[in-house]
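The values are calculated or read from the model by the stated rules, or taken from the named source; none is laboratory data. No experiment lies behind these values; they were computed from the predicted model shown. Cβ: placed from backbone, ideal geometry, glycine included. Neighbour counts: every protein chain shown. For the accessible areas, the whole protein counts, side chains as well, though only heavy atoms, and no ligand, DNA or RNA atoms are used. Shrake-Rupley method; radii C 1.70, N 1.55, O 1.52, S 1.80 Å.
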Amino acid sequence: MVICPLLVSLRVCLERHPPLVTFFFCLLSLAVAFGSFAAYIQSHEVPNPDVKEDWNSLLTSLAHLMFCIPNKTHKDTSPSSPSTAAESHTTVSVLVGLTFELQNGTDPPNGTHLALTVTGKELGLKGPDAQEPVHLVIAITNPLAHESCLSIIAPSSLLPKTRQPPKCVMGERGTHPEEPGLCYRSHYQANPALSGMLDQVDRALCSQRLLLTSAFLLCLCAMMCCMAGLCYPAPRDKRGRI
């Protein structure tokens, strides 16, 4: 019976060397944790830590701003910057989950157009074009479904390169009277589908490396058990036997 003397040796090691036993359980816990992380990454979507800016972060920044009804002379389709700068601007119209309400809780009617002009830096964007103006126009398409068509006119370098929301067509203004200068507070609930996620290849690579690390730590734990059985033999007196 080899198992019984090994158990006796492990008991001796446990009684005489508590720091070594603590280190053993730390390695074992790390091995289990790495194995659990590997299984989770393989079966779940994981955000990409290399992606600093995505559409969720951009829309979340917009939720901290106030959108106002523009004047009738406001042009929704062209930036007010010089023509040389306008050539480097691009227009993107996407369907987003932005909702709006007045401070008293009143929702804007369907077809309302709201506008805002800020710089990229105010939206938390970085880069050489961060000081360039970003023109935003929003058409309330479906207040009940909390959907709005957002048109962004900005330098292409400021727009996120991650998964984009569905495209939409900026409709005409509603027939109801609009009071110029009336502002609405915006709200946005993050959409997980718009976050920058690791693709299947990167997830498989991360999972493989975590499994290898877990296997290596388990081998170290097994080696420590074997060394404990060889270096701490069972005592020969009856008091040390199980």
Legend entry - Neighbours by Cβ (under 9 Å, 6+ apart or cross-chain): first from the range 34-47, under 15 Å from residue 195 (Cβ atoms); second at pLDDT 90 or above and open to solvent by less than 60 Å² (accessible area, probe 1.4 Å): 46/206
Inset, instruction - Take the range 32-67 and flag every residue that is in contact with a Cys (Cβ under 7 Å, 6 or more places away or on another chain) and surrounded by 14 or more Cβ atoms within 10 Å (Cβ to Cβ). - result: 41, 67
Legend entry - residue 165 at pLDDT 85 or above and either part of a loop (DSSP other than H, G, I, E, B) or open to solvent by 30 Å² or more (accessible area, probe 1.4 Å) (or both): yes
Legend entry - Criterion (open to solvent by less than 60 Å² (accessible area, probe 1.4 Å), in contact with a His (Cβ under 8 Å, 6 or more places away or on another chain), modelled with pLDDT of 65 or more and over 17 Å from residue 158 (Cα atoms)) met by exactly one of 108, 70: 70
Inset, instruction - Could you list, in sequence order, all residues of the range 111-161 that are assigned to a strand (DSSP E or B) and of a type outside the set (A, V, I, L, M)? - result: 113, 117, 119, 133, 135, 141, 142, 147, 148, 149, 151, 155
